[in-house]
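To start, the structure itself, in structure tokens.
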Amino acid sequence: MGGIALRNEISKMIRRPAAMVTVGFMLLVAGLDFGQSWWQARESAEASFALPGAWPEIITGMAQPALIFGSVLLILLVASEFSWRTARQNVIDGLSKEAWFRGKAYLVVVLAALFLLLLVGTGGAFAAAGTDSLTSGALAPDAQQLSAMGGFLLAFMGYGGLALLVSVSVRGTGASIGVWFLYVALGERLIRTGLGALGGAAADAARYLPVQAFNSLVSYLQHDPAALGRAASQAAAAGDPPPQVWEWEVLLPVTVGWAALFFAAAFVVHRRRDL
């Protein structure tokens with residue numbers, strides 16, 4: 001049943017023009033960004049965009065746009081099924097609400113892998129073009145960079161879980177995108193400001209809001225202690241405060257907990273509402 005649900009979601013995604021447009025636009029944006037880095041390295045002896053040194057920029061440099069494009073695509077794919085009544089028709093045709101939701105949960109995983117592949121494939125191609133010695137050792141990411149890839153996937157599960165919750169609650173593509181953007185771009189910032197103004201435990205709790213935690217996962221300094229040390233030394237030399245990262249024993253439970261909460265809330269909302 002799980003394999004059938006997954007194949008159905010992939011088939012529907014491939015046939016949707018919105019999916020092709022969104023993925024194509026993401027490829028264009030990533031190509032322009034990584035292409036500019038490659039061109040600057042080609043024209044300047046001081047710049048470099050080659051493997052393996054380019055992996056941090058490839059994995060995390062365009063991570064935020066990828067999270068946004070991927071979440072918007074998820075909303076377009078999920079919320080439109082309510083607008084077009086296809087979700088209702090699926091249940092009439094014999095698909096249970098649970099199976100329908102399971103397919104959407106699989107879709108989040110598929111999109112997470114797809115958008116990571118877009119970043120790694122596009123950036124890796126440009127960086128490989130600027131690499132002198134294309135050996136397997138030079139091409140392969142190290143443990144810190146693999147950790148950053150895992151951080152992107154987990155961050156996408158959080159962003160995607162929120163997008164799924166908004167989609168099944170609002171049930172309209174335009175309105176869902178608006179609500180999602182409002183919270184991600186402005187809403188959490190206002191909440192954080194309000195909690196900070198209260199002080200005490202409320203101010204401390206502001207650190208654990210979901211989008212802020214998910215964004216920490218796509219900061220390369222979170223994954224590479226050596227890079228963090230270099231950044232701290234540069235900040236000290238410039239008289240700036242050192243960059244702050246999370247403790248992993250705190251960050252992982254917080255981000256996994258928020259992602260699980262979003263998926264669980266989306267499932268409950270979907271189960272309780274009529275199609």
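The values are calculated or read from the model by the stated rules, or taken from the named source; none is laboratory data. The shown structure was predicted, so the numbers you read here are calculated from the model rather than taken from an experiment. Here the Cβ positions follow ideal geometry from the backbone for every residue, glycine too, while neighbour counts run over all protein chains shown. Note: accessible area is taken over every heavy atom of the protein model, side chains too, but ligands, DNA and RNA are not part of it. Shrake-Rupley method; radii C 1.70, N 1.55, O 1.52, S 1.80 Å.
Just a few scattered comments:
- Karplus 3J(HN,Hα) series, Hz, for segment 199-214 with 6.51 cos²θ - 1.76 cosθ + 1.60 (x for Gly, Pro): x, x, 4, 5, 5, 5, 5, 4, 5, 9, 5, x, 4, 4, 5, 4
- Pairwise Cα distances in segment 193-275 exceed 22 Å for 48 percent of all pairs.
- Of the solvent-accessible surface of the chain, computed with a 1.4 Å probe over protein heavy atoms with every protein chain present, carbon and sulfur atoms account for 64 percent.
- Three-way shape call for segment 109-181 based on the alpha-carbon gyration tensor, with the a/c threshold at 1.5: prolate
- Local electrostatic count at residue 77 - Lys and Arg +1, Asp and Glu -1, tallied over other residues with Cβ under 14 Å: +3
- q = 0.16, 0.20, 0.23, 0.27 Å⁻¹, segment 147-230: log10 I(q)/I(0) [Debye, one scatterer per Cα]: -0.76, -0.98, -1.06, -1.14
- If R0 equals 22 Å, the separation of the Cβ atoms of residue 204 and residue 256 corresponds to a calculated FRET efficiency of about 0.65.
- Segment 185-230 versus segment 10-61: alpha-carbon centroid distance in Å: 27 Å
- Per-residue Karplus couplings for segment 258-274, computed as 6.51 cos²θ - 1.76 cosθ + 1.60 with θ equal to phi - 60°, are listed in order as 5, 4, 5, 5, 5, 5, 5, 5, 4, 5, 5, 4, 5, 5, 8, 9, 6 Hz, Gly and Pro entered as x.
- A cut-off under 13 angstrom between Cβ atoms defines the neighbours of residue 123, and their net charge, with Lys, Arg +1 and Asp, Glu -1, is -2.
- Computed log₁₀ I(q)/I(0) - Debye formula, equal Cα scatterers, no solvent, segment 26-101, q 0.15 Å⁻¹: -0.66
- The chain: calculated mean residue ellipticity at 222 nm from DSSP helix runs of at least 4, using -39500 (n - 2.57): -25500 deg cm²/dmol
- Percent RCO, i.e. relative contact order, over segment 1-70, from Cα pairs under 8 Å lying at least 6 residues apart: 26 percent
- Within-14-Å neighbourhood charge of residue 36 [Cβ basis; K, R +1; D, E -1]: -2
- Against the rule of thumb 2.2 N^0.38 Å, how large the Cα Rg of the chain comes out: 1.10
- At a probe radius of 1.4 angstrom, the accessible area of segment 2-272 per residue rounds to 48 square angstrom.
- You can think of it this way: the chain between residue 27 and residue 88 has 18.6 nm of extra reach, that is 0.36 nm per residue less the Cα-Cα gap.
- The chain, relative contact order in percent, only Cα pairs under 8 angstrom and at least six apart counted: 25 percent
- Electrostatic dipole magnitude of the chain [Cβ: Lys, Arg +1; Asp, Glu -1; Cα centre; debye, to 20]: 1380 debye
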